[in-house]
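The values are calculated or read from the model by the stated rules, or taken from the named source; none is laboratory data. All values reported here derive from a predicted model rather than from experimental measurement. Reconstructed Cβ throughout: ideal geometry from the backbone, glycine too, with neighbour counts over all protein chains shown.
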Amino acid sequence: MNKHHRELLEKIKKFSNKGKASLHPDSYVRSTHFSYHLQTSDSKNIAKEFKNKYKDLNLNEFILLLNSLYLAPSYSEKAMGSRLLGLYSKLRDELDPGNIDTWLNDLVGWVEVDGLSQSNFTGKEILSKWNDWSILLKKLNKDKNINKRRASLVLLTEPTSHMPDKRISDLAFENIDALKSEKDILITKAISWILRSLIKYHIDEVENYMNKNDNVLPKVALRETRNKLMTGRKSGKT
């Protein structure tokens with residue numbers, strides 16, 4: 001085990017509430033990894049304290065740590081990897097996007113996948129290495145692993161809601177289109193999410209796309225996106 005990982009695990013165990021237990025029983029979350037049941041505040045504090053202690057961590061050390069955390073048997077360790085990824089912005093900028101493909105091999109269900117994919121990577125970061133990112137996102141979109149297919153959409157939710165760049169929106173629609181016939185909730189809810197994220201800068205394109213694919217898109221995506229268009233909320237309640 002990586003030495004930094006060992007230090008973090010000691011902290012995780014110290015603040016554990018229930019010890020080993022299944023994370024969630026329902027079919028949507030799907031994580032098969034046990035959890036140390038940390039309070040969110042404790043998990044955040046552990047990550048922040050580590051960052052303050054190891055401000056000068058280099059890229060190689062950072063990658064080795066994340067490799068170790070994402071390979072760990074517990075959800076809590078994997079989630080810690082994603083928290084650190086969010087905190088070390090300068091090192092994150094230096095990462096080869098291909099690392100994400102590797103880390104997703106050991107993430108299961110929306111909690112783990114979204115922890116890595118949601119909000120950690122900005123549109124600016126993605127555009128700075130656009131060729132590498134576009135290759136990665138197209139590859140994930142076609143992967144047999146449903147968790148990677150979900151990630152191909154979730155990774156684009158933050159960029160599409162904060163940047164009008166057409167390269168990002170075009171790829172988002174391309175990835176949606178490739179998965180629009182899937183029925184699994186991991187994909188259908190992600191399609192709804194990314195369509196709603198696209199509304200801010202591409203409302204006309206979203207409306208046109210939905211009208212053209214009304215008979216194919218998941219019902220939940222149609223309902224929630226139309227609610228968002230009409231009321232600003234996916235529930236439709238104002």
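Things worth noting here:
- Of all residues in the range 103-133 being out of contact with any helix residue (DSSP H, G or I) (no Cβ under 6 Å at 6 or more places or on another chain), within 20 Å of D93 (Cα to Cα) and not acidic (D, E), the one that is surrounded by the fewest Cβ atoms within 10 Å (Cβ to Cβ): N131
- The range 211-230, residues that are outside any loop (DSSP other than H, G, I, E, B), in contact with a Lys or Arg (Cβ under 7 Å, 6 or more places away or on another chain) and more than 19 Å from L186 (Cα to Cα): N227, K228
- Of the numbered criteria (1) in a helix (DSSP H, G or I); (2) in contact with a helix residue (DSSP H, G or I) (Cβ under 6 Å, 6 or more places away or on another chain); (3) surrounded by fewer than 18 Cβ atoms within 10 Å (Cβ to Cβ), the one V206 fails is (3).
- Scanning the range 155-201 for residues that are surrounded by fewer than 16 Cβ atoms within 10 Å (Cβ to Cβ) and among the basic types (K, R) yields K166, R167, K183, K200.
- Scan of the range 215-236 for residues that are within 18 Å of D177 (Cβ to Cβ), surrounded by fewer than 17 Cβ atoms within 10 Å (Cβ to Cβ) and of a type in the set (S, T, N, Q), ordered by number: N215
- Residues of the range 44-59 classified as loosely packed, with under 13 Cβ neighbours inside 10 Å and within 14 Å of R92 (Cβ to Cβ), total: 1
- Failed criterion for D101 (all others in (1) part of a helix (DSSP H, G or I); (2) closer than 22 Å to S35 by Cβ; (3) charged (D, E, K, R); (4) within 14 Å of the chain's Cα centre (by Cα) hold): (2)
- Boolean, K90 is surrounded by 21 or more Cβ atoms within 10 Å (Cβ to Cβ), of a type outside the set (D, E) and in a helix (DSSP H, G or I): no
- A count restricted to the range 49-79 and to residues that are modelled with pLDDT of 95 or more and part of a helix (DSSP H, G or I) stands at 21.
- Residues in the range 2-23 that are surrounded by fewer than 16 Cβ atoms within 10 Å (Cβ to Cβ) and either small (G, A, S) or at pLDDT below 90 (or both) were compared, and the one that is nearest to the chain's Cα centre (by Cα) is S22.
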